[in-house]
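Presented below is the structure to which this report refers.
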Amino acid sequence: MHPSTCARPRAVVAIGCAAAVLVSCTTQPSINRRPQGGTATASVVDGLQVVVVKAGDTYRFNPATIIVHPGQVRIALVNEGKGAPHDWTLEGLPGAATSLASSGETKTATFTAPAPGTYTFVCTIHQKQGQTGKLVVLKN
């Protein structure tokens, strides 16, 4: 038997497998394309602005946009997922971060809102999967 005769079936199988992988990749939704969820304005409780943010197996924050005023803010991160832990970190503001919240846990972060503007918050573990949001600090 000629060596190229044996190679042909393997090449056909390899091409078929590669095509199957490509087709399956294009038909499944990407985690990165999932929509961000909701907007919430902080509620004032005993002089502290409080917002509950949920995270879970979709690698998204809900709400993904948080509106606050200058002053003290407390973020309560609730991990409603069954899988990976999540955290909440406001980029560029040291100390504005929760520790990791495992499945079913709630972790909090209390900080002073920065100057009026729009800031990005992330899950440091799942930022590449699109788990980000915006903190909007309004003028008083």
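Just so it is clear, none of the values below were taken in a lab; they were calculated from the coordinates. Not measured: the values here are computed from a predicted model. Cβ atoms come from the backbone with ideal geometry, glycine included; neighbour counts cover every protein chain shown.
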Just going by the charge dipole of the stretch 33-137, with Lys and Arg at +1 and Asp and Glu at -1 on Cβ, which of 127, 77, 41 is farthest out on the positive end?
127
What does the stretch 33-137 give for Rg and for Dmax, in Å, if only its C-alpha atoms count?
12.5, 38
Quotient of Cα radius of gyration and Kirkwood radius for the stretch 40-88, i.e. Rg/Rh, equals 1.03
